[in-house]
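The values are calculated or read from the model by the stated rules, or taken from the named source; none is laboratory data. Bear in mind that the values here come from a model prediction, so they are computed numbers and not experimental data. Cβ placement follows ideal geometry from the backbone for every residue including glycine, while neighbour counts extend to all protein chains displayed. For the accessible areas, the whole protein counts, side chains as well, though only heavy atoms, and no ligand, DNA or RNA atoms are used. Shrake-Rupley method; radii C 1.70, N 1.55, O 1.52, S 1.80 Å.
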Amino acid sequence: MSHNTFGHLFRVTTWGESHGPALGCVVDGCPPGIELTEADIQTFLDLRKPGTSKHVTQRRESDTVRILSGVFEGFTTGTPISLMIENEDQRSKDYGEIAHAFRPGHADYAYIAKYGRRDYRGGGRSSARETAARVAAGAVARKVISGVTVRGALVQVGPHAIDRSAWDWEQTRQNTFWSPDAQTAKKWDGYLDEVRKAGSSTGAIVEVEAEGVPAGWGAPLYGKLDAELAAALMSINAAKGVEIGAGFAAAALSGEENADEMRAGNNGPNFLSNHAGGVLGGISTGQPVIARVAFKPTSSILTPRRTLNEAGEEVELRTKGRHDPCVGVRAVPVVEAMVACVLADAFLRHRAQVG
């Protein structure tokens with residue numbers, strides 16, 4: 001009942017804390033015979049690691065991954081794959097002042113209420129540093145679903161959303177914001193400068209698309225693909241909402257507008273729209289699977305906030321240390337990784353049931 005593991009056949013267990021000696025994951029259920037090297041995993045970790053721009057935490061971590069088991073002569077063996085990433089730039093002294101006080105918006109109080117103790121250094125297990133292990137697992141998952149392309153983009157920072165008519169996937173790798181709209185990325189740069197200099201933070205929305213998912217993955221009623229995706233995405237640190245397809249906007253549509261009409265195609269139906277986000281009845285339709293995740297503003301800010309300490313006394317607290325003014329900027333690789341893990345699991349479960 002530790003709840004550090006997710007997945008059914010493709011199972012991922014993450015371990016480690018923000019300021020411990022290392023963190024990592026164990027991937028169990030990966031089929032044998034898949035080519036896998038540390039370089040395959042490092043490619044995605046490099047996209048998530050801190051210190052990549054002025055708008056993210058300046059903690060210096062190489063996020064170098066080591067494969068400890070489950071791979072022999074460059075191929076998976078079918079046994080558990082253990083991956084480790086060492087922590088190299090911890091500054092635990094930054095958290096001395098909050099050792100006995102609850103940071104507003106953080107999990108400090110909730111951890112004390114549940115466990116009676118907590119690791120206050122960087123948030124311990126609840127730190128976004130844990131997501132490095134998820135990205136490593138996602139790199140393995142991508143190998144399992146090699147015919148599927150999973151890609152994400154930052155579509156809103158604070159109140160500033162992209163111009164969807166200017167969407168260009170190529171742009172997501174050409175700016176530090178993962179923005180598919182180059183002009184909006186420039187606006188975000190100035191906006192986040194103001195947020196960072198004010199010692200504050202802001203929220204964001206990440207959109208993810210999985211293209212190449214065949215029809216049939218997922219299962220009714222309690223193994224719905226969209227439900228599995230929602231659970232996985234909501235498990236990411238600071239995630240506060242998930243939409244599949246049109247999501248909440250579907251509530252404002254008419255039945256005629258929302259229904260994804262079909263016409264005959266050469267390889268199955270051609271859908272005229274995708275309000276369903278590629279999932280109907282919990283089962284993939286062959287259309288791109290689309291989801292969005294809303295992230296709250298980073299809770300660690302320099303502005304003093306009223307709170308309590310462990311003695312129940314009312315105090316004012318501001319959080320020192322190195323933090324992302326907007327967690328959404330580095331969340332894109334994490335969102336992609338969680339979608340890849342869910343799809344790898346769905347693929348293996350589908351194969352197990354129907355061959």
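Listed values, structure above:
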read-out: Between the stretch 22-47 and the stretch 121-152, the Cα center-to-center distance that results, in Å; value: 9 Å
read-out: Ratio Rg/Rh, restricted to the stretch 198-341 and using Cα atoms, in which Rh is the Kirkwood radius; value: 1.13
read-out: Restraint check, Lys143/Lys187; Lys197/Lys320; Lys187/Lys320, Cα-Cα greater than 25 Å; value: Lys143/Lys187; Lys187/Lys320
read-out: Highest to lowest packing among 291-297, 248-254, 136-142, 213-219, scored as the average C-beta count within 10 Å; value: 136-142, 291-297, 213-219, 248-254
read-out: Percentage, to the nearest whole number, of Cα pairs in the stretch 118-213 over 16 Å apart; value: 67 percent
read-out: Inter-label distance, nm, simple model (7 Å from Cα along the C-beta direction), Thr64/Lys240; value: 3.9 nm
read-out: Rough spin-label spacing in nm, given labels placed 7 Å along Cα→Cβ, for Ala251 and Arg173; value: 3.8 nm
read-out: Burial order of peptide ranges 194-202, 333-341 (average beta-carbon count within 10 Å, highest first); value: 333-341, 194-202
read-out: Listed residue pairs exceeding 28 Å between alpha carbons, taken from Lys114/Lys296; Lys186/Lys296; Lys114/Lys224; value: Lys114/Lys224
read-out: Between helix 38-48 and the chain: long-axis angle, C-alpha atoms, 0 to 90°, nearest 10; value: 60 degrees
read-out: Centroid-to-centroid separation of the stretch 154-220 and the stretch 312-355 [C-alpha atoms, Å]; value: 16 Å
read-out: Accessible area in square angstrom per residue, the chain, 1.4 angstrom probe; value: 48 Å²
read-out: Within the accessible area of the chain (1.4 Å probe), percent carbon and sulfur; value: 52 percent
